[in-house]
Amino acid sequence: MLEQLWFGHQRPLWSVLLRPFSALFGMIARHRRRQYLRGKTQRYSAPVPVIVVGNIMIGGNGKTPFVIWLVEQLKAHGYRPGVVSRGYGGKSEHYPLLLSQTTPPRTAGDEPVLIARRTQVPVCVDPNRSEAVKRILQEGVDIVITDDGLQHYQLERDIEIVIIDGQRRFGNGHYLPLGPLRESLDRLESVDMLVTNGGTPQGQEWGMHLVPGLAVNLRTGQRCQASMLPQVVAVAGIGHPPRFFNTLQQMGVTPVHSQGINDHQTLNADELDRLSKKGQHLLMTEKDAVKYQGIAQDNWWYLPVEARLPDEVAQAVFTKIERLQTNANKK
């Protein structure tokens, strides 16, 4: 019901009950921002550049593919990047948690595990991102990217990049819970870069597109065109499952059944088995796949996606980093 309220065109009568809570949320968000700007928030400033990749709206906007793209760009230019995250959806016995290639998603969260496996760079999770940064610095990184964390003002940042859902934009424009916003639209005026995932970029926004690759078998690693898989059952546990289903349609894949689940939700083996039996092949997102490789059956596949952006975006980021380093050397 909230999704329909946030992004639909109807305003049900019961939504008026959410107005006081939305007003309170907005007041708290503005207060936290003012405290930060006035220097009254205790902050940790890292000795290396910190890039925050976040958004002002709740839900999946494409941050993780952008983070992976940015890491690869930095590596190609000789940097040693590391990534920190809150680790939403995971629960560790201790923090900060530095990921290994075998750290399970139930401990670290889906996105950090996916980023670590795709990029092979140090990834650290901690609900307190400042502590995660302190730990990851011990791995010899010379630049830190924080996956989400735009509103985590305890961590000083040098560059802020906001990812915008190009299709849904900002919904009805209200604060949570009446709308999907975590901060006001005015916040966008203070960030360094706006990147739009899909849709048509507006104003100073840069366009990003997610390009699907070959389908990958969870058990064997075999790759093939997703359109070659007959009787596909699609499952997506991401912030906006219809984006995955629309991607399949654009690739010429018409699932016999599509199952969207909550972001970070984990299905058990029996539930997935029942889903897969609705067709011949089960096809999921790469973020879902990191949770199920240990229980995968022969007919389970995932679809990786790669962020594509203009070359000017990477150049703009490097220019900002070089300016930071030049200013630091002058001090």
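The values are calculated or read from the model by the stated rules, or taken from the named source; none is laboratory data. Values in this document were obtained by computation on a predicted structure and should not be read as measured data. Cβ placement follows ideal geometry from the backbone for every residue including glycine, while neighbour counts extend to all protein chains displayed. Side chains included, ligands, DNA and RNA excluded: accessible areas come from the protein's heavy atoms. Shrake-Rupley method; radii C 1.70, N 1.55, O 1.52, S 1.80 Å.
Taking each residue of region 133-147 that is over 12 Å from Pro47 (Cβ atoms) and looking for partners that are acidic (Asp, Glu) with beta-carbon atoms closer than 7 Å, six or more apart or interchain, yields Asp147/Glu111. Flag set for Arg33, criterion: out of contact with any helix residue (DSSP H, G or I) (no Cβ under 7 Å at 6 or more places or on another chain), in a helix (DSSP H, G or I) and modelled with pLDDT under 95.
Taken as a whole, the condition of being of a type in the set (S, T, N, Q) and part of a helix (DSSP H, G or I) applies to Gln4. With respect to being closer than 30 Å to Gly8 by Cβ, free of Cβ contacts under 8 Å to residues at least 60 places away in the same chain and surrounded by fewer than 16 Cβ atoms within 10 Å (Cβ to Cβ), Ser190 fits the description.
Within region 247-255, is even one residue touching a residue at least 24 places away in the same chain (Cβ under 8 Å), over 28 Å from Val195 (Cα atoms) and in contact with a Leu (Cβ under 7 Å, 6 or more places away or on another chain)? Scanning region 247-255 turns up at least one residue that is touching a residue at least 24 places away in the same chain (Cβ under 8 Å), over 28 Å from Val195 (Cα atoms) and in contact with a Leu (Cβ under 7 Å, 6 or more places away or on another chain).
Let's see how each residue does on (1) open to solvent by 50 Å² or more (accessible area, probe 1.4 Å); (2) without any contact (Cβ under 8 Å) to a residue 40 or more places away in the chain; (3) among the small types (Gly, Ala, Ser); (4) in contact with a Phe, Trp or Tyr (Cβ under 8 Å, 6 or more places away or on another chain):
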{"site": "Leu74", "(1), (2), (3), (4)": "no, no, no, no"}
{"site": "His77", "(1), (2), (3), (4)": "yes, no, no, yes"}
{"site": "Gly89", "(1), (2), (3), (4)": "yes, no, yes, no"}
{"site": "Glu93", "(1), (2), (3), (4)": "yes, yes, no, no"}
{"site": "Leu97", "(1), (2), (3), (4)": "no, yes, no, no"}
{"site": "Glu111", "(1), (2), (3), (4)": "no, no, no, yes"}
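Determine whether region 239-250 contains at least one residue that is modelled with pLDDT under 90 and of a type in the set (Gly, Ala, Ser). Yes: region 239-250 contains one or more residues that are modelled with pLDDT under 90 and of a type in the set (Gly, Ala, Ser). Can Gly203 be described as small (Gly, Ala, Ser), surrounded by fewer than 17 Cβ atoms within 10 Å (Cβ to Cβ) and over 30 Å from Gly294 (Cα atoms)? Yes. If you go through region 64-96 and pick out every residue that is within 19 Å of the chain's Cα centre (by Cα) and not aromatic (Phe, Trp, Tyr), you end up with 19. Set side by side, the residues Thr247, Thr266 differ, and just one is in a loop (DSSP other than H, G, I, E, B), hydroxyl-bearing (Ser, Thr, Tyr) and within 20 Å of the chain's Cα centre (by Cα), which is Thr266. Scanning region 131-144 for residues that are open to solvent by less than 10 Å² (accessible area, probe 1.4 Å) and either closer than 13 Å to Val52 by Cβ or among the acidic types (Asp, Glu) (or both) turns up Ala132, Val133, Ile143, Val144. With respect to the stated conditions, Gln259 is surrounded by 13 or more Cβ atoms within 10 Å (Cβ to Cβ) and assigned to a strand (DSSP E or B). When you go through Asp192, Asp158 one by one, which is the residue that is touching an Asp or Glu at 6+ places or on another chain (Cβ under 6 Å) and within 20 Å of Gln315 (Cα to Cα)? Sole residue among the options that is touching an Asp or Glu at 6+ places or on another chain (Cβ under 6 Å) and within 20 Å of Gln315 (Cα to Cα): Asp192.
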